[in-house]
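J.: Starting off with a structure, shown below.
The values are calculated or read from the model by the stated rules, or taken from the named source; none is laboratory data. Just so it is clear, the structure is predicted and the values come from calculations on it, not from any experiment. When we count neighbours, we look across all protein chains shown, and the Cβ atoms used for this are built from the backbone with ideal geometry, even at glycine. Keep in mind that these areas ignore ligands, DNA and RNA; they rest on the heavy atoms of the full protein, side chains included. Shrake-Rupley method; radii C 1.70, N 1.55, O 1.52, S 1.80 Å.
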Amino acid sequence: MALGFWVIGTDTNVGKTFVTTWLMRYFQSKGTAIPYKPVQTGMIDDGTPYYGDTYFYRQFSQTELDGRQVNTYSFPTPASPHYAARLEGQTIEGERILRQIKRLTSRYDHVICEGAGGLYVPLDEKRGYCFQHLVKDSKLPVVLVTRTSLGTINHTLLTVEALRACGIPIIGIVFNGFEGTELERDNRATICRLTGLHSVTLPKLSEARELEKLDPGLADPLFGEMSVL
């Protein structure tokens, strides 16, 4: 049975794609692994249009990735998935995403699914279907990515409370972008004390390429003794 899980953020731009890619590399050293971004928005056009999230996966993957497998919905407008889909005259179907997750977990040892925005980001506004519903329907646990800066305590505790209220298991927390200040240390300690969750801390990097130098063993507190879920 494959090890599958979600990488969910407390908000947008907390580093979900960075953490997903880092964990992809961690698990690629242990077997077959693939990242999966069900919905991505915001096309980048530097002469050749591309989407930043899945491009980042391919840039740092240690094996070749099939673009048809790592994404289901892509919309050019940088906006909430429901709105970006509406602009294209499309509807995001949760069942289609769940089928793809099932296919991937049947083919790979490790499947890392990345969310979009925060837990309550809408996918299908007509049905009131949000990312939290998709995560719950997938029956996969969550790695929660959060900031270390001011405001992170409230955002993180609210997200943990929402996940627990939905009955969604939490593997642990990744504190991303740590710069070593006393405020950040206290934020991290407070969150860990109040949630009782395992955590890892990733430093703030000056450039994306430094991802390759991050010690894979940093993920061991979350996954070191896990083989399957």
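J.: Restricting the range 81-111 to residues that are closer than 20 Å to I8 by Cβ and hydrophobic (A, V, I, L, M, F, W, C), which is surrounded by the most Cβ atoms within 10 Å (Cβ to Cβ)?
T.: Filtering first and then ranking leaves V111.
J.: Sort out which residues of the range 138-154 are in a helix (DSSP H, G or I) and closer than 16 Å to A116 by Cα, and write them in order of number.
T.: S138
J.: Moving on to the next point. Could you tell me which of the residues Q69, Q90 is farther than 30 Å from L157 by Cβ, at pLDDT 95 or above and more than 18 Å from the chain's Cα centre (by Cα)?
T.: Sole residue among the options that is farther than 30 Å from L157 by Cβ, at pLDDT 95 or above and more than 18 Å from the chain's Cα centre (by Cα): Q90.
J.: Here's something else I'd like to know. Among G31, G4, which is of a type in the set (G, A, S) and either in a loop (DSSP other than H, G, I, E, B) or open to solvent by 10 Å² or more (accessible area, probe 1.4 Å) (or both)?
T.: G31
J.: May I ask you to verify whether F75 is among the aromatic types (F, W, Y) and in contact with an Asp or Glu (Cβ under 7 Å, 6 or more places away or on another chain)?
T.: Yes.
J.: Okay, next question. Kindly list the number of the only condition in (1) in a helix (DSSP H, G or I); (2) under 23 Å from N13 (Cβ atoms); (3) hydrophobic (A, V, I, L, M, F, W, C) that fails for L123.
T.: Here L123 meets the rest and fails (1).
J.: What single numbered condition from (1) closer than 21 Å to V19 by Cβ; (2) surrounded by fewer than 21 Cβ atoms within 10 Å (Cβ to Cβ) fails to hold for V70?
T.: Result: V70 passes all but (2).
J.: Do we find that I92 is in a loop (DSSP other than H, G, I, E, B), touching a residue at least 40 places away in the same chain (Cβ under 8 Å) and of a type in the set (A, V, I, L, M) in this structure?
T.: Yes: the conditions hold for I92.
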